[in-house]
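These notes concern the structure reproduced below.
Readers should treat all values here as calculations from the given coordinates under stated rules, not as data from a laboratory. Values in this document were obtained by computation on a predicted structure and should not be read as measured data. Heads up, the Cβs are rebuilt from the backbone with ideal geometry, glycines too, and the neighbour counts pull from every protein chain shown.
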Amino acid sequence: MLCTAADRAGVRRGRRGRQGGQPGEEVERRRRGVLSEKPLEGPKQSGSLAEYTAVEERLLALKPEGLDFAQAASLPLAVQTANGGLESAGLSAGKSVLVLGGAGGVGSLAIQTELNILAQCCSCRGVYGASKVAATASTKKIELLKSLGADVAIDYTKDNFEELPDKYDVVLDAVGQGDKAVKVVKEGGSVVVLTSAVSPPGFRFVVTSNGAVLEKLNPYLESGKVKPLIDLEGPFAFSQVVEAFSYLETGRATGKVVISPIP
Ligand SMILES: NC(=O)c1ccc[n+]([C@@H]2O[C@H](COP(=O)([O-])OP(=O)(O)OC[C@H]3O[C@@H](n4cnc5c(N)ncnc54)[C@H](OP(=O)(O)O)[C@@H]3O)[C@@H](O)[C@H]2O)c1
């Protein structure tokens, strides 16, 4: 099962590994194996468009029970980016958060992850438990933001978020609006941008994949507290790779674009 970027999910083949995974039939029966790359440490090759791939074991994590391969393949890069970005911004319970680009692959998972962060201490909300979660999207995706758990859904076609009165402890920018984002952060707060350079107090976060992060998030993924969001234009067949990437490049995808399976 394949996905765009460096995300993929599949069945383990080959030698028995340190993590106890078995090759062949048993592994297939267990239907496990979510793979993630570590792009910044110089992989010999990057990308996911292959039926078989060799990967270092430390980059593997078990596929969350209850998710199919398309759902699992949509997660690694995006959920690690959402989680890592929020962690690097110092998100903790009681803080308020704004996600710029809440309907995208990273943003949709960031909204849910924040809720869980904010809930760790409050037992009432999501991975980090924020006191307030706001997010931006265009008009037709406002209800989606709310369904993901956003308290405040800002329609960027109608309102400029930087002109609204609300300020936030953390702003996660998945769109490339870092210079506007620094205008809505509280004093002492953090602006983490994923796409471009930003002036202080903003900073850029770049994900580094690690199977351990997916293992940490596994309870949230298996319980459904954090759910993958797959764009309904897909999953695309392997023969539609060009169309899938063209669609992704429109910048209008809702959640993740998945390519699956290889026939
Ligand atoms: N730094 C890292 O480690 C890292 C890791 C992963 C991804 N990234 C980057 O992070 C960015 C986000 O990735 P992604 O996969 O989430 O992107 P994506 O899924 O392609 O984002 C598409 C979404 O962005 C929304 N959007 C577009 N313009 C917007 C605007 N002005 N305001 C609010 N929402 C807007 C769209 O909603 P509408 O249709 O409503 O506009 C769409 O739902 C990409 O540039 C990606 O390359 C960086």
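Backbone amide hydrogens, once placed in the peptide plane, bring Leu229 within less than 5 Å of Lys256, excluding anything fewer than 5 places away on its chain.
Couplings 3J(HN,Hα) for the stretch 144-156, derived from phi with the Karplus relation 6.51 cos²θ - 1.76 cosθ + 1.60 (θ = phi - 60°), are 4, 4, 5, 5, 7, x, 5, 6, 10, 10, 9, 7, 6 Hz, where x marks Gly and Pro.
Per-residue Karplus couplings for the stretch 224-232, computed as 6.51 cos²θ - 1.76 cosθ + 1.60 with θ equal to phi - 60°, are listed in order as x, 5, 10, 10, x, 10, 10, 4, 6 Hz, Gly and Pro entered as x.
Database remark: amide H of Val171 closer than 5 angstrom to the amide H of Leu98, Ser190, Val191, Val192 (H placed geometrically; neighbours at sequence offset of 5 or more, or on other chains; Pro and chain starts carry no H).
Across the stretch 79-204, Cα-Cα distances exceeding 21 Å account for 27% of all pairs.
Packing here is the average count of other Cβ atoms within 10 Å per residue, and on that basis the peptides 99-105, 254-260, 193-199, highest first, run 99-105, 254-260, 193-199. For Asn210, the amide hydrogen comes within under 5 Å of no other amide hydrogen, counting only partners 5 or more places away or on other chains and with H modelled in the peptide plane.
Subtracting the Cα-Cα distance of Lys216 and Phe203 from their residue separation scaled by 0.36 nm leaves 2.2 nm.
Separation of the alpha carbons by more than 32 angstrom is noted, of Lys158/Lys216; Lys140/Lys183; Lys63/Lys180; Lys216/Lys256, for Lys158/Lys216; Lys63/Lys180.
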